[in-house]
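What follows is a short report on a single structure.
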Amino acid sequence: MPDIDPLAKLVYDESVRGLDMQSQSLDEIRSRTGVLIAAATVAAALLGAPALTRHHVTYWANLSALIAFGLVVGFCLLVLWPGTKWTFAYNAATLDETYFKKQVDATEACRSMARGRAKHRKANAKRLRWRYLWFRLACLALLADTVLWLVSIGVR
């Protein structure tokens, strides 16, 4: 078996590590989003009930709080929505067809796979940036929701 150029192996390993880090980031943002949606539900339950008994649902603060809660849920669903275009690993059958059956040099295979992973990482990064934006917007909506419920409770 021919040796793989150490530099090609280094580049390949880094490309694998980059996709692994993206996969971990996606898992982490989804986990945090689950906590965020739970916090929004608790805030709405604990603060919304007294606010709605104090003022009618059409009171501006209550209505705004309900809209903010809807935004939290909507943004969280956008983060949690399963995507089909994520690529974190190659299909073994594709690798077999592309490299093994054609008897491609191992060094060249590493280089080619690293370049392919770079394209996947770039596409994944765009999707990940959107999810982080939606998460931030959900956090801001939760803050607004909580403040609005507190305003409604505090106003006579």
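Laboratory data are not the source of any read-out in this text; all were calculated from the coordinates shown. What you are looking at is a predicted structure, and each value in this text was computed from that prediction instead of being measured. A quick note on method: Cβ atoms are made from the backbone with ideal geometry, for glycine too, and the neighbour counts reach across all protein chains shown.
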- With springs connecting C-alpha atoms under 10 Å apart, model the chain as a Gaussian network and identify which of 30, 121, 54 has the largest mean-square fluctuation. 54
- Item | Alpha carbon centroid spacing (whole Å) that separates the stretch 10-29 from the stretch 91-155 | 10
- Query: If the limit is 23 Å between Cα atoms, which of 102/122; 9/122; 101/126; 9/85 go over it?
  - Reply: 102/122; 101/126; 9/85
- Message: Using +1 at the C-beta of Lys and Arg and -1 at the C-beta of Asp and Glu, which of 135, 62, 149 has the Cα lying farthest in the positive direction of the dipole of the stretch 6-154?
- Response: 135
- Message: Please list, ordered by chain and number, the residues whose modelled amide H lies under 5 Å from the amide H of residue 90; skip anything fewer than 5 residues away on the same chain.
- Response: none
- Just subtract the alpha-carbon distance of residue 45 and residue 112 from 0.36 nm times their residue separation and send over the number in nm, one decimal. 18.8 nm
- Note on the structure: A correct Karplus calculation of ³J(HN,Hα) over the stretch 71-86, with 6.51 cos²θ - 1.76 cosθ + 1.60, θ = phi - 60°, whole Hz and x for Gly and Pro, returns 5, 4, 4, x, 5, 5, 5, 5, 5, 7, 4, x, x, 9, 9, 5
- Rg/Rg_globular for the chain, with Rg_globular taken as 2.2 N^0.38 Å and Rg from C-alpha atoms: 1.59
- Query: Ordered by residue, what ³J(HN,Hα) values in Hz, to whole numbers, does the stretch 12-29 give under the Karplus form 6.51 cos²θ - 1.76 cosθ + 1.60, where θ = phi - 60° and Gly and Pro are x?
  - Reply: 4, 4, 5, 5, 5, 4, x, 5, 4, 5, 5, 4, 5, 4, 5, 4, 5, 5
- HN-Hα couplings for the stretch 46-57 via Karplus (6.51, -1.76, 1.60; θ = phi - 60°), in whole Hz with x for Gly/Pro, come out as 6, 9, x, 4, x, 5, 6, 6, 7, 9, 5, 4
- Item | Packing rank of 108-116, 77-85, where each peptide gets the mean count of other beta carbons within 10 Å, highest leading | 108-116, 77-85
